[in-house]
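Asker: Dropping a structure here in structure tokens format, bear with me for questions.
The values are calculated or read from the model by the stated rules, or taken from the named source; none is laboratory data. No experiment lies behind these values; they were computed from the predicted model shown. Don't worry about glycine lacking a Cβ; one is built from the backbone with ideal geometry, like all the others, and counts go over all protein chains shown. In case anyone asks, the SASA skips ligands and DNA or RNA and just uses the protein heavy atoms, side chains included. Shrake-Rupley method; radii C 1.70, N 1.55, O 1.52, S 1.80 Å.
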Amino acid sequence: MLWVGTSWKMNGTLASARDYATRLGAALDAGAPAGVQPFIIPPATALATVHQILGADSPVLLGVQNAHWADAGAWTGEISVPQAADAGAQLVEIGHSERREFFAETDQTVNRKVAATLRHGLRPLLCVGEPAEVFAAGGSVAHVTAQVDAALQGIDDLGRVLIAYEPIWAIGEGGREARGEDIEAVFAALDAGYGDRVEAILYGGSVNQGNAAETLAVPGVTGLFVGRAAWQVDGYLELLRIATAAA
Ligand code: 13P
């Protein structure tokens, strides 16, 4: 099974979310594309709306872009895993590089959030990735495996865990598209260490309709985590088609 999903990051309105969800729901009316598990991670403000439009039986899983480790309490500005589940989330994205860089996310907070997500029966989507200078120095495998080891410390059952390897140098505007040879060593290491214990290991960072097939051909890659190229529903549907062909 290939997992193919998108985070909308901090983009869109309720109107654009409704439009995306309506068109996605109609396109996947007959069920998920063969061999592919789709997922969408809207902004938290749009989650319940997207959930309502897609319906509880939708093949599309939904997620949040972050959640706190505590179940409730005086944590102004945060949302908890139970609140995310209440609004329709089955996935919790944790540790995206933008959160690590700008919102003080650390390996320790990531570990607590992974544990909280599993405790409530949701799936953590653990994001890891190295900066450009680490890549240039040949340190990618050590950096990424250390992040994953720290994030999963003390967690025995990894069966519901998804890992997304997203090198920072590949993400977003100004990011460089990875070639297969750029990422194959990290995937070999993640596959060897975690491949048979986690649900899937995804690649993210400037994935688009032109490079998705090449990326999915890298040994150990069992999914794609996409930003910009899936922010229009037609772009996302094309990526699902590419993944079905690769599955
Ligand atoms: P882009 O696909 O826009 O580079 O973003 C990747 C990402 O960060 C997904 O969370």
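Asker: Within the range 1-32, take every residue that is over 15 Å from L61 (Cβ atoms) and either charged (D, E, K, R) or assigned to a strand (DSSP E or B) (or both) and give me the one that is nearest to the chain's Cα centre (by Cα).
Answerer: Per the stated criteria, the residue is K9.
Asker: Looking only at the range 213-245, filter to residues that are polar (S, T, N, Q) and within 15 Å of the ligand (Cβ to nearest atom); which one of those is surrounded by the most Cβ atoms within 10 Å (Cβ to Cβ)?
Answerer: T215
Asker: I need the full set of residues from the range 16-55 which are farther than 21 Å from M1 by Cβ, open to solvent by 20 Å² or more (accessible area, probe 1.4 Å) and hydrophobic (A, V, I, L, M, F, W, C), in order please.
Answerer: Across the range 16-55, the qualifying residues are A26, A44, A48, I53.
Asker: Can G154 be described as touching an Asp or Glu at 6+ places or on another chain (Cβ under 8 Å), away from the ligand (no atom under 15 Å from the Cβ) and at pLDDT 95 or above?
Answerer: Values: touching an Asp or Glu at 6+ places or on another chain (Cβ under 8 Å): no; away from the ligand (no atom under 15 Å from the Cβ): yes; at pLDDT 95 or above: yes.
Taking the combined requirement at face value, the residue does not satisfy it.
Asker: Within 11 Å of the ligand (Cβ to nearest atom), over 26 Å from T117 (Cβ atoms) and either touching a residue at least 60 places away in the same chain (Cβ under 8 Å) or exposed (fewer than 15 other Cβ atoms within 10 Å of the Cβ) (or both): is that true of E181 in this structure?
Answerer: Details: within 11 Å of the ligand (Cβ to nearest atom): no; over 26 Å from T117 (Cβ atoms): yes; either touching a residue at least 60 places away in the same chain (Cβ under 8 Å) or exposed (fewer than 15 other Cβ atoms within 10 Å of the Cβ) (or both): yes.
No.
Asker: For G210, are the conditions met, namely being part of a loop (DSSP other than H, G, I, E, B), open to solvent by 10 Å² or more (accessible area, probe 1.4 Å) and without any contact (Cβ under 8 Å) to a residue 24 or more places away in the chain?
Answerer: Details: part of a loop (DSSP other than H, G, I, E, B): yes; open to solvent by 10 Å² or more (accessible area, probe 1.4 Å): yes; without any contact (Cβ under 8 Å) to a residue 24 or more places away in the chain: yes.
Yes.
Asker: Output the residues belonging to the range 4-27 that are touching a residue at least 60 places away in the same chain (Cβ under 8 Å) and in contact with a strand residue (DSSP E or B) (Cβ under 9 Å, 6 or more places away or on another chain).
Answerer: Selection gives V4, G5, T6, S7, W8, K9, Y20, L24.
Asker: Which ones in the range 192-207 are free of Cβ contacts under 8 Å to residues at least 40 places away in the same chain and over 17 Å from the mean Cα position of the chain (by Cα)?
Answerer: Across the range 192-207, the qualifying residues are A192, D196, R197.
Asker: Follow-up. When G63 is evaluated against the numbered criteria (1) assigned to a helix (DSSP H, G or I); (2) among the small types (G, A, S); (3) crowded, with 21+ Cβ neighbours inside 10 Å, which criterion, by number, is the only one it fails?
Answerer: Looking at each condition in turn, G63 falls short on (1).
Asker: Quick check on my filter: what residues within the range 144-176 are open to solvent by 10 Å² or more (accessible area, probe 1.4 Å) and within 20 Å of E98 (Cβ to Cβ)?
Answerer: Listed by number, the residues that qualify are A146, Q147, A150, E166, I168, W169, I171, G172, E173, G174, G175, R176.
Asker: What are the residues in the range 75-109 that are closer than 25 Å to H51 by Cβ, in a helix (DSSP H, G or I) and either within 15 Å of the ligand (Cβ to nearest atom) or not hydrophobic (A, V, I, L, M, F, W, C) (or both), if any?
Answerer: Answer for the range 75-109, where residues must be closer than 25 Å to H51 by Cβ, in a helix (DSSP H, G or I) and either within 15 Å of the ligand (Cβ to nearest atom) or not hydrophobic (A, V, I, L, M, F, W, C) (or both): P82, Q83, D86, E98, R99.
Asker: Give just the number: which of (1) of a type in the set (F, W, Y); (2) within 16 Å of the ligand (Cβ to nearest atom); (3) closer than 22 Å to P38 by Cα; (4) in a helix (DSSP H, G or I) does F187 not satisfy?
Answerer: (2)
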